[in-house]
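*Asks:* The structure follows.
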Amino acid sequence: MDISALKKEFEKLYGASQHKSYIFFAPGRVNLIGEHTDYNGGYVFPCALNFGTYLVVRKRDDKLLKLASVNINYKSVIDISDINKKQDDKWVNYPLGVLNEFLKLGIKLTGLEMLFYGNVPNGAGLSSSASIEIATAVAINELFDAGLNGVEIAKLGQRAENEFVGVNCGIMDQFASAMGKANSAIFLDCITLDFKLVPLKLKGYKLIVSNTNKRRGLADSKYNERRAECEKAVEFIRPYKPISFLGEIDLEEFKILEPKIANETIRRRARHVVTEIDRTKRAVEELNTGNIEKFGQLMNGSHDSLRDDYEVTGYELDTLVEEARKIPGVLGSRMTGAGFGGCTVSLVPENEINNFINNVGENYNKKTGLKADFYIAEIGNGAGRIEIF
Ligand code: GLA
């Protein structure tokens, strides 16, 4: 759906008003490397995509909140005094959680008319939910002069997801959606939130996002389980080094501390985190010096560690990666996002893209019975306003 069709849909749904209408956009993201490191106090390296969530919004004079989605043909009316009540329809809790956070900041909200439209494939691990949160947050920030900057908006979106939706995610997705820059990836320290924008100079290569189209059934509970395992690893290490996060240990120290983790599974989880943080730092250095072959090898190392030590891949993701790596000239391929289904990201020579899509698609289908989707990643800007009408 294009912008003019979306505006028409909004007018059809809500009619005329004396208030101005606004359109905001917040992107989904793809993470290039640094997986399951954000909540461990490590580094991530995501970029914003050029697809995401559009929000058309307008104030009302009363206290009614009208929400609708083009994607799922959803409509509801909620009184502002009920914003803090979680709803049965899962997606609506993303905007409600955000509105609730603004109320907590003391922002006096009026009623609103909101229409959402998203073109991020749903449940594919490309942060469709963060893009709904951030689209809502930039809109409310502007309409009610809340004065938050991009980093504060990202943090507010994360709080909404942790506290209202109940998913214990890290800061990566909301940060990428709020702070992304076209043709750059964000090298983010997840403790200090210091970041550098790194230009993505891929010299004849493209990033191809491949969607397993596998439903991510248990993703949320498995995600929370991994977080708990990392906390256990910290407990094992604490008698020897007073850390709060695994991200405070480097590779050298880990060699010494690893035997102190008495449980084999927990030890492997910790090993993934420590080695992944190291790979992420090295990957950024390699990209900065133009060594994309090395960057690709580190992507491969990341996937293998997520498969063997962190165990968040599964047959579909592993098959997509395995098939991708067979295509001539592919420099690296790995899962991206939380895992348990979702997408991979691969570094593919421009002249092999058609071959990649055809062959990987066909072999994946033969092995899994599923049809993969492929997107050539275009790296876009973070969230913002598109139009007032
Ligand atoms: C999800 C979470 C992020 C991050 C990734 C794994 O996308 O929302 O915070 O933890 O998984 O890297």
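*Asks:* How high is the FRET efficiency between Lys108 and Lys326 when r is their beta carbon distance and R₀ equals 51 Å, given to the nearest 0.05?
*Replies:* Here the calculated transfer efficiency is 0.30.
*Asks:* Something else now. Compute the helix-to-body angle for 3-14: its Cα long axis versus the longest principal axis of the chain, expressed 0 to 90° and rounded to tens.
*Replies:* Between the helix axis and the principal axis of the chain, the angle is about 50 degrees.
*Asks:* When Ile261, Ile33 are ordered from fewest to most other Cβ atoms inside 10 Å of their Cβ, what list results?
*Replies:* Sorted ascending by nearby Cβ count, the order is Ile261, Ile33.
*Asks:* By per-residue mean of other Cβ atoms within 10 Å, what is the highest-first order of 109-119, 225-235?
*Replies:* 109-119, 225-235
*Asks:* Under a point spin-label approximation (7 Å from Cα along Cα-to-Cβ), what is the Glu362-Ile3 distance to one decimal in nm?
*Replies:* A separation of 4.1 nm, rounded to one decimal place.
*Asks:* Ok, one more. What nm value, rounded to one decimal, do you get for the distance between Leu13 and Leu64 when each label is placed 7 Å out toward the C-beta?
*Replies:* Roughly 1.5 nm, to one decimal.
*Asks:* Right, something else. Among Ile107, Pro46, Asn73, pick out the residue whose Cα is farthest towards the positive end of the charge dipole of region 37-115, where Lys and Arg carry +1 and Asp and Glu carry -1 on C-beta, about the Cα centre.
*Replies:* Ile107
*Asks:* Which order, highest average first, do 44-53, 306-315, 65-74 follow once you tally other Cβ atoms within 10 Å for each residue and take the mean per peptide?
*Replies:* Result, highest mean Cβ count within 10 Å first: 44-53, 306-315, 65-74.
*Asks:* Non-local amide H neighbours of Leu200 (under 5 Å, H modeled in plane, Pro and chain starts lacking H): which ones?
*Replies:* For Leu200, whose amide H was placed from the backbone, the distant partners under 5 Å are Ser184, Ala185.
*Asks:* Which residue, Phe10, Met335, Asn363, has the largest displacement toward the positive end of the dipole of the chain when charges sit on each Cβ (Lys, Arg +1; Asp, Glu -1)?
*Replies:* Phe10
*Asks:* Using a simple charge model, +1 on the beta-carbon of Lys and Arg, -1 on the beta-carbon of Asp and Glu, nothing else, what dipole does the chain show about its Cα centre, in debye to the nearest 20?
*Replies:* For the chain, the charge dipole is close to 440 debye.
*Asks:* Let me ask something else. For the charge dipole of the chain, defined by +1 on Lys and Arg C-beta atoms and -1 on Asp and Glu C-beta atoms about the Cα centroid, which residue among Val167, Leu96, Asn149 has the Cα displaced farthest towards the positive pole?
*Replies:* Selected residue: Leu96.
*Asks:* With angles folded into 0 to 90 degrees, how steeply does helix 264-288 sit against the dominant principal axis of the chain? Use alpha carbons for both and round to 10.
*Replies:* 80
*Asks:* Also, quick follow-up: If you place +1 on the Cβ of every Lys and Arg and -1 on the Cβ of every Asp and Glu, how big does the dipole about the Cα centre of region 1-119 come out, in debye to the nearest 20?
*Replies:* Dipole about the Cα centre, nearest 20: 340 debye.
*Asks:* May I pose another question? Under the rule of -39500 (n - 2.57) per DSSP H run of 4 or more residues, summed and divided by the residues of the chain, what mean residue ellipticity at 222 nm is obtained, to the nearest 500 deg cm²/dmol?
*Replies:* Helix-only estimate at 222 nm: -13000 deg cm²/dmol.
*Asks:* Here's something else I'd like to know. Which value, in debye to the nearest 20, gives the size of the charge dipole of region 339-387 about its Cα centre, when Lys and Arg are +1 and Asp and Glu are -1 at the Cβ?
*Replies:* 260
*Asks:* Quick one: how many lysine pairs in region 4-129 have C-alpha atoms under 14 angstrom apart, if they're 8 or more apart or on different chains?
*Replies:* 9
The numbers here are math on the coordinates, done by the rules we state, and not lab data. Please read these numbers as outputs of a predicted model, since none were measured by experiment. Cβ sites come from the backbone with ideal geometry, for glycine too, and all protein chains shown count toward neighbours.
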